[in-house]
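So the structure is just underneath, and the comments pick up after that.
The values are calculated or read from the model by the stated rules, or taken from the named source; none is laboratory data. Predicted, not measured: the structure shown is a model, and the values here were computed from it. Don't worry about glycine lacking a Cβ; one is built from the backbone with ideal geometry, like all the others, and counts go over all protein chains shown. All accessible areas refer to the heavy atoms of the entire protein, side chains included, with ligands and DNA or RNA removed. Shrake-Rupley method; radii C 1.70, N 1.55, O 1.52, S 1.80 Å.
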Amino acid sequence: MSLPSAYRQNLEAALDPQRQRGQIFELTAPANEIGCIDFGSNNTLSLGGSAATREEFLKELARNPNFAISTGGSRLLGGTTEYIDELERDLAHYYNADAGLIFNSGYEGNVAIHATLPQTGDAIVHDAKIHASTRDGMRSSKAHIIRPFAHNDPQSLYEVLEEVKLLEPAIADGLNTVFVTIESIYSMDGDVAPVAEIIKIAKRALPKGNLVLIIDEAHSHGIIGPNGAGLACHLGLEDEFAVRLHTYGKAVGAGGGIVLCNDLIKKYLVSYARNFMFTTAPSFTFFATIKAAVSVMSGEEGNWRRRQLQDRIYYFYDRLLHHPQWEHIRRSGVLTIPTADDFIKGPSFLVPIIPIITQPGQCQNLEKWLTMRGLHTHGVRYPVVPMAKERVRVMIHVANTKEQIESLVMSIMEWAEQYAPSLSPTTFKLRL
């Protein structure tokens, strides 16, 4: 069907500036389909295509041979089976939560939380670098005030909460609620939230207790915590959060997500979250995949993979920091890797997200350079990240061998050496 000419012209005109800046998004194939090594996907535990997960999934199908292919209705209209009820109860117990509600994706879970839970007169205060899904949910919320605080900055959080109390007397009086929403690990920078400090500051700023804490565990789930249960459980702070979101489409290697909460919040989401109420329930195989993946992720296989992942990330930084040209490249500003500084400080665990920040306009060149060498990464440009912070986002996986990681480091450094000023003899002597 042809489009009206005026509308077609409007669409083309809207895309033209993106084309000129080289910022048109395209659908891409996974690394294995283009003959590359995967340093780009979120499948960090390499469970998505593993024999262990596939075998557990097939066992789950065999245990339920009469499963239906389709559901035929929403979860409210005959789409909630005994199998789903039991799975949500078991998962809630696993994460030390009272209740859980599974969504088609982590994105949908975040939208539901932030669009539905805040009431008229409430406020949402969020980290400046939260997921797009959280932002989309907030836009539809009833919250009277929505304010960001500086990324991972507890003092900034305190100042914003003080401002919110001045703007809304009912909040200062404890009559309305402030929702403080953060992530455990941030998807573009690979840095970890100072969770304990944020909780402490938020409680100090809101002594009347009108506080709801929310944490998005998308990038910590599977890689940290007891049997991969996430950062809040790792810190023993899960009871501080009224709502936690865990996704299954990243390290766990499945799909979907779960909102962890109490029974009251679950009932409210079921009754008011429109993207849950008015969508057809996923099929049995969707839930069986989650169950199988969590079973593997939470067992000995998962524990081995978490140790292996830490070893692989460590190896990347070790090879990078011992490269003879690293200091020169770093000082030249051709590229920077902020997480390398965190590595030197010796964190309790290493994050598989590694941002290779290039000079403006160069991230695509580095991405193409790596692709030509069989290394699949993703260049991330403005407006997803600030223009001055364009980057190639590298993800380390359990399945990446040390030889592959060595090749990645060497390829990154070879690219950077093309743009870095040559070392002068004086500089060379100083380095010696």
Item to check | Qualifying trypsin sites (Lys or Arg not before Pro) in the stretch 109-161, DSSP loop, other Cβ atoms within 10 Å at most 13 | outcome: K142
Next on the checklist: If a paramagnetic tag sat 7 Å from the Cα of M277 along the Cα-Cβ line, which residues of the stretch 234-248 would have the backbone N under 11 Å from that point?
Outcome noted: none
Checklist entry - Taking all protein chains as present, what is the carbon and sulfur share of the accessible area of the stretch 51-298, in % to the nearest whole number, probe 1.4 Å? => result 52
Next on the checklist: Could you sort T177, T280 by their accessible area in this structure, using a 1.4 Å probe and putting the largest first?
Outcome noted: T280, T177
Next on the checklist: Tell me the relative contact order for the chain as a rounded percent, counting alpha carbon contacts under 8 Å between residues six or more apart.
Outcome noted: 21
Next on the checklist: More than 15 angstrom separation, counting every C-alpha pair in the stretch 312-352; what % is that?
Outcome noted: 40
Next on the checklist: Using only the alpha-carbon atoms of the stretch 281-432 as identical scatterers, what base-10 log of I(q)/I(0) does the Debye formula give at q = 0.12, 0.20 Å⁻¹?
Outcome noted: -0.61, -1.26
Item to check | Under DSSP loop assignment and at most 10 Cβ neighbours within 10 Å, longest chymotrypsin sites (Phe, Trp or Tyr not before Pro)-free interval of the chain | outcome: 26-277
Checklist entry - In terms of modelled amide H atoms, which long-range or inter-chain residues lie less than 5 Å from the amide H of I37? => result L375, H376
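For the stretch 202-329, what mean projected area does the convex hull of the alpha carbons give, in nm²?
Values: hull surface 49.0 nm².
Seen from a random direction, the Cα hull of the stretch 202-329 projects 12.3 nm² on average.
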Next on the checklist: Give the residue list of trypsin sites (Lys or Arg not before Pro) in the stretch 178-250 that are DSSP loop and have at most 16 other beta-carbon atoms within 10 angstrom.
Outcome noted: K208
Checklist outcome for this item: With every protein chain kept in place and a 1.4 Å probe, the residues L15, L45 fall, from largest accessible area down, as L15, L45
Item to check | Alpha-carbon spread of the stretch 192-243, three principal axes, descending order, Å | outcome: 35, 17, 16
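Can you work out the accessible area per residue across the stretch 51-298, with the rest of the protein chains kept in place, probe 1.4 Å, in square angstrom?
Per residue, the stretch 51-298 has an accessible area of 41 Å².
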Checklist entry - Given R₀ = 22 Å, FRET efficiency for K59-E300 by Cβ-Cβ distance, to 0.05? => result 0.85
Checklist entry - Can you give the convex hull volume per residue for the Cα atoms of the stretch 142-283, as a whole number of Å³? => result 130
Item to check | Acute angle (nearest 10 degrees) that the helix 195-205 long axis makes with the longest principal axis of the chain, alpha-carbon atoms | outcome: 50
Next on the checklist: So, taking all protein chains as they sit and a 1.4 Å probe, how much accessible area belongs to I146, in Å² rounded to tens?
Outcome noted: 60
Checklist outcome for this item: If one compares the long axis through the Cα atoms of helix 263-272 with the longest principal axis of the Cα atoms of the chain, the angle in degrees, nearest 10, works out at 90
Checklist outcome for this item: Per 10 angstrom bin, beginning at 0 and ending with the bin that holds the maximum distance, the Cα pairs of the stretch 46-106 fall in percents of 17, 39, 41, 4
Checklist entry - Going by alpha carbons, how many degrees (0 to 90, nearest 10) lie between the helix axis of 363-372 and the longest principal axis of the chain? => result 80
Item to check | For the chain, share of DSSP beta bridges that run antiparallel, in % to the nearest 5 | outcome: 50
Item to check | Percent RCO, i.e. relative contact order, over the stretch 146-207, from Cα pairs under 8 Å lying at least 6 residues apart | outcome: 37
Checklist entry - With Cβ to Cβ distances under 14 Å as the rule, what net charge do the other residues near Y315 carry (K, R +1; D, E -1)? => result 0
Checklist entry - For N365 and D173, what does the FRET efficiency come to when R0 = 41 Å and r is the distance between their Cβ atoms, rounded to the nearest 0.05? => result 0.15
Next on the checklist: As a test of the definition: which semi-axes, in Å, follow for the chain when you take the square root of five times each eigenvalue of its alpha carbon gyration tensor? Largest first, please.
Outcome noted: 36, 28, 24
Item to check | DSSP bridge pairs, the stretch 51-298: antiparallel proportion in percent, nearest 5 | outcome: 40
Checklist entry - In a GNM of the chain with a 10 Å cut-off on Cα contacts, which of G249, G109, G299 has the highest mean-square fluctuation? => result G299
Checklist entry - Per 5 Å bin from zero, what fraction in whole % of the C-alpha pairs of the stretch 51-298 is there, up to the bin with the longest pair? => result 1, 6, 14, 18, 19, 16, 11, 7, 4, 2, 1, 0
Item to check | Unit charges at the beta carbon, dipole of the stretch 51-298: most positive-side option, S156, V125, G72 | outcome: G72
Checklist entry - Mean residue ellipticity at 222 nm from the helices of the chain, using -39,500 (n - 2.57) per DSSP H segment of n ≥ 4 over the full residue count, to the nearest 500 deg cm²/dmol? => result -13500 deg cm²/dmol
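Over 21 Å, how big is the tail of the calculated P(r) for the stretch 83-156, in percent of all Cα pairs?
So the portion of pairs separated by more than 21 Å is 42 percent.
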Next on the checklist: Of A115, A92, L245, which is farthest towards the positive pole of the stretch 51-298's charge dipole, taken about the Cα centre with +1 and -1 on the beta-carbons of Lys, Arg and Asp, Glu respectively?
Outcome noted: A115
Checklist entry - Using Cα-only point scatterers and the Debye equation, what is log10 of I(q)/I(0) for the stretch 334-377 at each q in 0.14, 0.19, 0.21, 0.30 Å⁻¹, rounded to two decimals? => result -0.43, -0.69, -0.78, -1.04
Checklist entry - Over the stretch 306-390, what lengths in whole Å, largest first, do the semi-axes of the equivalent ellipsoid take, defined as the square roots of 5 times the eigenvalues of the alpha-carbon gyration tensor? => result 22, 15, 14
